Amino acid sequence: MNIFQISDLHYNPKNISALHNIESVINHIKAQKIKADLLLVTGDIINRDYDNYQPVFDLIKSTNLPFLCITGNHDKSKNLISALKQFYPSHPMGANPSKLDYVCDAFLWRFIGLDSYMTNSSGGNISDSQLAWLEEKIVESDKPVVIMVHQFTLKTGLFFFDFQSRAPWCDKFNDIIKRNADKIKLVACGHLHNALISHISSVPVISCFSANWQAYLDFEKVTDMKEVSRPVGYFIHRLIDNQLISYAVAV
């Protein structure tokens, strides 16, 4: 099984350089020689000053890959749900009409999408009821599980994300992953605008590059995220002999 992952497109057609970066990532994916089974889009699909999902969905659909997406802190839940129903109606939906929490069993593994959007909050929120739902869906699965959530839930050692963005729900989420580590293959995240990899117990937690712009690694105190000149990219996660191997692909 081959899973491609993109994140943090922050699509706005008025930003020409960003549009070039996004198109470069999409074209690189389309040119890959290996066959992808699925594309994961881990949030911040549009920028907060833009609200039309159709052009970015057209770009994503040009890969001819089935895709699963989640909200980021720039994607209002109701707007993304409405856009998916209009432009990509085959995308799975959950029982809660106001949250994009869902399960997809159409592939070799079970994919669980979590909606962490909260108004005017970089760190977002996942409620206790959402977390209880998550654990229920992990426990009941007879397949290995991949979880998609926008925020990287571990401490990063980066000032902005650890001190200005990381939210209390992350620790509760991490405890669920620890309790069910034997069933979970991957936690796929975005948000950091960098490729970072860590683990919760034996479970890899991977933050994908941004397809738009990369963030400065702020090991020292900063007041806000800073953009840095670094290649954009995506991840390829491959199941080989029952082992997950993840490849960071810079573009």
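The values are calculated or read from the model by the stated rules, or taken from the named source; none is laboratory data. Everything numeric here is computed off the predicted structure, so don't read it as measured data. A quick note on method: Cβ atoms are made from the backbone with ideal geometry, for glycine too, and the neighbour counts reach across all protein chains shown. These accessible areas exclude ligands, DNA and RNA; they are computed on the full protein's heavy atoms, side chains included. Shrake-Rupley method; radii C 1.70, N 1.55, O 1.52, S 1.80 Å.
Does at least one position in the range 225-237 carry a residue that is within 17 Å of Gln164 (Cβ to Cβ), in contact with a Phe, Trp or Tyr (Cβ under 7 Å, 6 or more places away or on another chain), open to solvent by 10 Å² or more (accessible area, probe 1.4 Å) and not in a strand (DSSP E or B)?
First, the residues of the range 225-237 that are within 17 Å of Gln164 (Cβ to Cβ): 225-227.
Narrowing the set further to residues that are in contact with a Phe, Trp or Tyr (Cβ under 7 Å, 6 or more places away or on another chain) leaves 225-227.
Then keep just the ones that are open to solvent by 10 Å² or more (accessible area, probe 1.4 Å); that gives 225-227.
Filter once more, keeping what is not in a strand (DSSP E or B): 225-226.
Looking through the range 225-237, at least one residue is within 17 Å of Gln164 (Cβ to Cβ), in contact with a Phe, Trp or Tyr (Cβ under 7 Å, 6 or more places away or on another chain), open to solvent by 10 Å² or more (accessible area, probe 1.4 Å) and not in a strand (DSSP E or B).
Of all residues in the range 12-54, how many are touching a strand residue (DSSP E or B) at 6+ places or on another chain (Cβ under 9 Å), more than 30 Å from Leu108 (Cβ to Cβ) and of a type in the set (S, T, N, Q)?
Looking only at that region, the number is 3.
Would you pick out the residues in the range 68-92 that are among the small types (Gly, Ala, Ser) and in a helix (DSSP H, G or I)?
Ser77, Ser82, Ala83
Return only the number of the condition from (1) open to solvent by 10 Å² or more (accessible area, probe 1.4 Å); (2) more than 17 Å from Val41 (Cα to Cα) that Ala248 does not satisfy.
(2)
Go through (1) more than 15 Å from the chain's Cα centre (by Cα); (2) under 25 Å from Ser77 (Cβ atoms); (3) of a type outside the set (A, V, I, L, M, F, W, C); (4) not in a loop (DSSP other than H, G, I, E, B) one by one and return the number of the condition Gln5 breaks.
In the conditions (1) more than 15 Å from the chain's Cα centre (by Cα); (2) under 25 Å from Ser77 (Cβ atoms); (3) of a type outside the set (A, V, I, L, M, F, W, C); (4) not in a loop (DSSP other than H, G, I, E, B), Gln5 misses (1) alone.
Of the residues Val203, Val187, which single one is within 15 Å of the chain's Cα centre (by Cα), open to solvent by less than 10 Å² (accessible area, probe 1.4 Å) and not aromatic (Phe, Trp, Tyr)? Break it down stepwise before answering.
Numbers: Val203 fails: within 15 Å of the chain's Cα centre (by Cα).
Within the list Val203, Val187, the selection yields Val187.
Can Ser17 be described as under 29 Å from Ser121 (Cβ atoms), outside any loop (DSSP other than H, G, I, E, B), open to solvent by 40 Å² or more (accessible area, probe 1.4 Å) and modelled with pLDDT under 95?
Details: under 29 Å from Ser121 (Cβ atoms): yes; outside any loop (DSSP other than H, G, I, E, B): yes; open to solvent by 40 Å² or more (accessible area, probe 1.4 Å): yes; modelled with pLDDT under 95: yes.
Yes, satisfied.
Check Asn96 against each of (1) under 21 Å from Leu131 (Cβ atoms); (2) open to solvent by less than 40 Å² (accessible area, probe 1.4 Å) and name the one condition it does not meet.
Going through (1) under 21 Å from Leu131 (Cβ atoms); (2) open to solvent by less than 40 Å² (accessible area, probe 1.4 Å) one by one, Asn96 breaks only (2).
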